[in-house]
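Chemist: Dropping a structure here in structure tokens format, bear with me for questions.
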Amino acid sequence: MKAVRTQGGRVQLVEVPRPSGDGVRVRIRSAGICSSDLHLIAGGWPVASTLGHEVAGELADGTPVAVEPVAPCGHCDQCQLGSYALCRLGPQMIHGVARDGGMAEEMLVPERCIVRLPTGLDTRDACLVEPLACAAHGLGRVQLRRSEPIAIIGAGPLGLCTAALARPHVREVALVARHDAQKIAGERLGARIGAEGEYPVVIECAGTTEAMEHAVRLCRPGGTILMLAAYWGGLALPAFEFGLKGLTLVASSLYDHCSVGRDVDVAAAVLAANPQIAAAIITHRLPLAEAVEAFRIAGDRRTGAIKVVLEP
């Protein structure tokens, strides 16, 4: 079958054997390109497996599903505590990083990875379950109040997913966006573009030192910064102002259990209930055969790209 892999910092569409062995077979219908994929390739990480951790498709009987792309060990101290997002395997447990992902015609995953989709949620849109779950997990780690506004820095897919999830639970979402397509998408999801003044909670979704400095400036004394972005280039924290304000920094990664089940199930329910999320965030859909072009588009925000999706 065809699959997307990297070699020498380049995306390639290659022929690989169909997956075999234990697990549940998923016929892939959509696979989103994440900024993490772009960073892995640009950084020359030795990813020998098939890319793709934002994945949805169908089981052999036609059941529509998304995939929670992690296979935690189940026996380390963190797994035993129920915090499988913090499994000691780290990146080794992630499909699309150390395990074969879903930018292919098929993938095999453990039964626990299967996310059965609510009625009406198209598998072509359900690749957004994974980034929405990241946002849901992070929002569950901070206190939001309906009477107060929040600010989000960064209006890529993660920032927009966070805005969509947070909007019903706060007075206002102020979104710091760089590109016109992001601003339009943010407004469609109910956010106000631009942030002024101070906020009790600031959510950093850009992943740069400049963005974190902006977050510290926007956060009111005693407030909280939620760090959802991955800092591939490291972070220089403006420690003097951070300490002077008495801020709290909360880091969040991946997804886990929440009070009503799994973050991925919450994400699927929200996505099914609000079709506007997929309509606003997914800007490009290309067949698997055009994977190289899809990655080029995803890497150039000037094209108006937000979420680029491969459809095998």
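Laboratory data are not the source of any read-out in this text; all were calculated from the coordinates shown. All values reported here derive from a predicted model rather than from experimental measurement. Ideal geometry is used to build each Cβ from the backbone, glycine not excepted, and the neighbour counts take in all protein chains shown.
Chemist: Along the Cα→Cβ direction, 7 angstrom out, place labels at Leu244 and Glu187. What is the inter-label distance in nm?
Modeler: In this crude label model, Leu244 to Glu187 measures out at 3.6 nm.
Chemist: Under 28 Å between alpha carbons, and skipping anything fewer than 8 positions from Lys307 in its own chain: which lysines qualify?
Modeler: Candidates past the 8-residue exclusion: Lys2, Lys183.
Chemist: Read phi for every residue in region 4-17 and hand back ³J(HN,Hα) as whole Hz from Karplus 6.51 cos²θ - 1.76 cosθ + 1.60, θ = phi - 60°, with x for Gly and Pro.
Modeler: So the Karplus estimates, Gly and Pro as x, are 9, 9, 10, 8, x, x, 10, 7, 9, 9, 10, 8, 9, x Hz.
Chemist: With the crude spin-label approximation of a point 7 Å out along Cα→Cβ, what separation in nm comes out for Val260 versus Arg171?
Modeler: 2.5
Chemist: Work out from phi, with θ = phi - 60° and the Karplus expression 6.51 cos²θ - 1.76 cosθ + 1.60, the ³J(HN,Hα) of each residue of region 154-160, listed in order in whole Hz, and give x for Gly and Pro.
Modeler: Running phi through 6.51 cos²θ - 1.76 cosθ + 1.60 with θ = phi - 60° gives x, 10, x, x, 5, x, 5 Hz.
Chemist: Using a 10 angstrom cutoff on alpha carbons, build the Gaussian network for the chain and name the most mobile of Gly233, Gly32, Gly101.
Modeler: Looking only at Gly233, Gly32, Gly101, the biggest GNM fluctuation is shown by Gly233.
Chemist: Which order do the peptides 8-17, 128-137, 220-229 take when ranked by the mean count of other beta-carbon atoms within 10 Å per residue, highest first?
Modeler: Sorting 8-17, 128-137, 220-229 by mean packing, highest first, produces 128-137, 220-229, 8-17.
Chemist: Something else now. Sort 299-310, 71-82, 196-207 by the packing proxy (mean of other Cβ within 10 Å over each peptide's residues), most packed first. Walk me through the intermediate numbers first.
Modeler: On the way: 299-310: 18.9, 71-82: 13.9, 196-207: 21.8.
Ranking, from highest mean packing down: 196-207, 299-310, 71-82.
Chemist: In which sequence would Leu189, Leu59, Leu86 go, from the one with the fewest C-beta neighbours within 10 Å to the one with the most? Intermediate results must be reported in sequence, preceding the final value.
Modeler: Details: Leu189 24, Leu59 14, Leu86 17.
Neighbour counts put them in this order, fewest first: Leu59, Leu86, Leu189.
Chemist: With +1 assigned to the C-beta of every Lys and Arg and -1 to the C-beta of every Asp and Glu, and no other charges, what is the dipole magnitude of the chain about the Cα centre in debye, to the nearest 20?
Modeler: On the way: 30 positive and 32 negative charges, 76 e Å.
About 360 debye.
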